[in-house]
Amino acid sequence: MRHVRDCPQCVLGQHGLVAPEELLLGMVALPVPAAVAAGIAGVKAASMLPKMLAVAAARHNLCFVFGSGEGNRVRGNRFSGNGRSGLDLNFASPVTVEYNWSYDDGENVLAGAGHALRHNAAWASANHGFTDDAGAISGLTLTNNTAFANRGSGLALPGGPATLRANAAISNGIEPAGVAPGSTETRNSWQENGWSAATFRSTDPASAEGPRAADGTFPETHYLVTGNGVGASMRN
């Protein structure tokens, strides 16, 4: 098990597929044809990789689409500088998405199944922080995620009932969270009084967007940390 480097914006990003030595999708490096190596955490069906790479359209950073993704995990990635999606997830079965950061992207699309998201953060997106893209979806679970200063909604989840617990959505352009009828919401920032940008220990993203530590983990940061059990921990 080892970390590899972050996805730069030109890898499955604004300029399409290039061919870096390694592309960080998780924590385990697996060889892929055409001189592209991908790191996938816990992938059970490696046969999906050629399809995933082939459909990674320009302006997306990381696309997980087609087939079943059950049992897989997307962890410890940073997505940035993508005109459309930082993470575009459209598997027909649930995927766990945890401890990822997305910033200066279009948005993060969560479609296809009842995925589980925890301790992810999205900031400065051109649209929504997290969204189901208005597609029919049921069973999404979001726990301890943070959406800050996105131009759209922090969370835009109109496609079906979701479960939202201890998420923070602050200073977003449209609303903290737009969710479908029947959703369950518990101890989220928009349900409590007194929440503002001042709740975070820091709103300066410089440390979070800096280099990883020598061991491959995220840089130490107080950015978007609440210290009260709500929102992302901003660690991995």
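Please treat every number below as a calculation from the coordinates, not as lab data. What you see is a predicted model; the values in this text were computed from it and never measured. Neighbour counts are summed over all protein chains in view; Cβ atoms, including those assigned to glycine, are modelled from backbone coordinates with ideal geometry.
Observations on the structure shown:
- Neighbour-limited loop hits for GluC sites (Glu not before Pro), the stretch 62-162 (at most 14 other Cβ within 10 Å; DSSP other than H, G, I, E, B): GLU70
- Once backbone amide H atoms are built at 1.01 Å from N, ASN236 has PHE218 as its partners under 5 Å, excluding neighbours fewer than 5 places away on the same chain.
- Comparing Cα centroids, the stretch 56-124 and the stretch 128-206 end up 15 angstrom apart.
- Across the stretch 188-236, Cα-Cα pairs farther apart than 18 Å form 34% of the total.
- Contour excess over end-to-end distance, with Cα ends at ARG151 and ARG165 and 0.36 nm allotted per residue: 2.8 nm
- FRET E, pair GLU192, PHE66, Förster distance 25 Å, beta-carbon r, rounded to 0.05: 0.05
- For THR163, residues with placed amide H under 5 Å, excluding near neighbours: LEU140, THR141, LEU142, THR184
- Amide H to amide H, with H built 1.01 Å from N, ARG78 comes under 5 Å of CYS7, TRP101, counting only residues 5 or more places away or on other chains.
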